Amino acid sequence: MPGVPRERVLVTGSAGHLGEGLVRVLREQGRDVVGLDLLASPFTTTAGPVTDRGLVRRCLAGVGAVLHAATLHKPHIGSHRRQAFVDTNVSGTLTLLEEAAAAGVGSFVFTSSTSVFGRALTPRPGEPAAWITEDVTPVPRNIYGVTKAAAEDLCEIIGRDHGLPVVVLRAARFFPEDDDRDEVRAAYDGANVKANEFLYRRVDIQDAVDAHLLAMDRAPAIGFGKYIISATTPFTPGDLAGLSRDAPAVVRRLFPDADAEYTRRGWAMFGVIDRVYVNDRARAELGWRPRYDFRCVLDRLKAGQDPRSPLARAVGAKGYHAVPTGPYTVR
C-alpha cells in the first residue's frame, strides 16, 4: 500500500464516491482523517461548504495533507446554475489552497477530471482516435470542464507562489451510474458499457484511491504535477486508426478470448472508440500500478466474479440529487 505522511489528512467530498473510498482506506491504515462535506455521512466528520474560509481553517488544524475531492460534477449541470460551479469548484478550491498554504500543509492533491479535455477528445470524422496524454491542450465543452480546468490553474499558481506541493489527478470515469446518453443506455447493458470503457476511459475506484495516496506521498518531491488516472490501455498509437473504423476488430486481435464471453452475456463491443487515455506518466512518476484493466475485468467475468474491486462494491452507488434526475441515482 502506498506510504502516507504521518500527519492528519483532510479529505473533502467525504460523502461522495471517491471521498468515501479515500476515508475508508485511510481509516483502515489507522490514519487520523477529517472528512469535510456538505452532506452528513459515516465518513464526514464536519459538514459544511469548502467555500467557508473559517470552517476550512478549523478543519486544517494539525493537517499535513489535503485530498480535495469535493466538487460539483457533470450530473449537476442540469440542476445547478453556472455560478454554483464557479463557487464550489473554483472559489472553494482557491480557499482550500490558500488556507492549506497558510497552515503549512505539506501535500495537496486535487481531484480533477479527464472532462477538462472536452472537445479535444473527439477527432474529426475520418481521423484516428485521439491519443490523450497530459500534453493535450484542454478544450472544455461545459461549465464542469471549464471550472475544473480553472481550478487546475489555481493549483499551479498558488502552489508555485506559496511553495505548496500540489498534484493534480485527472481521473477517468469511476462512477457506477449508467451512461447519461440515451442512445448508449438503449443499445448496451450498463455493465457492458463499463467493461468496454476499461479499454480506454475508466478506472476502478480502488486504483483511483491508490493514485491519490501515492500522489499525497510524492507531492513534496514533485512540487507540481498533473497526471491522467485511467486504467492502463492495451492500445498503442498504431491502433488508433483501426479504433476509429472497427474497434471490435482491434479488440479481437488483442483479446481473442473476449468474443466468447461477450456472446455468452449478450454483450457487444463499441463499434468505434474515439479516444484513448494514457496513464504512462502517472505510472512512471508516481509509481502507480493500477490493477483493474480490461484483462483483469475479462478474466473475472469469465470466472463468474464481480469485476469491481471490493472497495468499489463497498462504496456502491451514491446520488447527486434529492429527486430523480435523468439516469442518476438520488441521495
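A protection proxy built from the mean count of other Cβ atoms within 10 Å ranks the segments 99-105, 81-87, 298-304, most packed first, as 99-105, 81-87, 298-304.
Over segment 183-331, the ratio between the Cα radius of gyration and 2.2 N^0.38 Å evaluates to 1.14.
Result for the chain in a Gaussian network model with C-alpha springs under 10 Å: among Leu22, Leu36, Leu55, the largest mean-square fluctuation is at Leu55. With coordinates expressed along the principal axes, the C-alpha atoms belonging to segment 172-245 extend over 46, 32, 16 Å, beginning with the largest.
Treating r as the C-beta distance of Glu183 and Ala61 and R0 as 51 Å, the FRET efficiency rounds to 0.55. Seen through its C-alpha gyration tensor, with square-root eigenvalues sorted a ≥ b ≥ c, segment 118-157 comes out oblate because a/c lies at 1.5 or above while a/b is not bigger than b/c.
Put the Cα centre of segment 169-214 next to the Cα centre of segment 113-152 and the gap is 17 Å.
Enclosing the Cα atoms of segment 106-192 in their convex hull gives a volume equal to 128 cubic angstrom per residue. Over the chain, Cα pairs under 8 Å with separation of 6+ residues give a relative contact order of 18 percent.
An ellipsoid equivalent to segment 78-236, defined through the eigenvalues of its Cα gyration tensor, has semi-axes of 29, 18, 15 Å when rounded to whole angstrom and sorted largest first. Can you pull the Kirkwood radius for segment 92-155, inverse mean 1/r over Cα pairs, to one decimal in Å? The Cα-based Kirkwood calculation yields 13.4 Å. Hey, if you drop one equal point scatterer on each alpha-carbon of the chain and run the Debye formula without solvent, what base-10 log of I(q)/I(0) do you get at q = 0.12, 0.14 Å⁻¹? Log10 I(q)/I(0), no solvent term: -0.82, -1.12.
Between Asp217, Asp280, Asp306, the Gaussian network model of the chain with springs among Cα atoms under 10 angstrom shows the greatest mean-square fluctuation at Asp306.
Each reported figure results from applying straightforward, stated rules to the coordinates on display, with no laboratory input. What you are looking at is a predicted structure, and each value in this text was computed from that prediction instead of being measured. Virtual Cβ from ideal backbone geometry, glycine too; neighbours counted across all protein chains shown.
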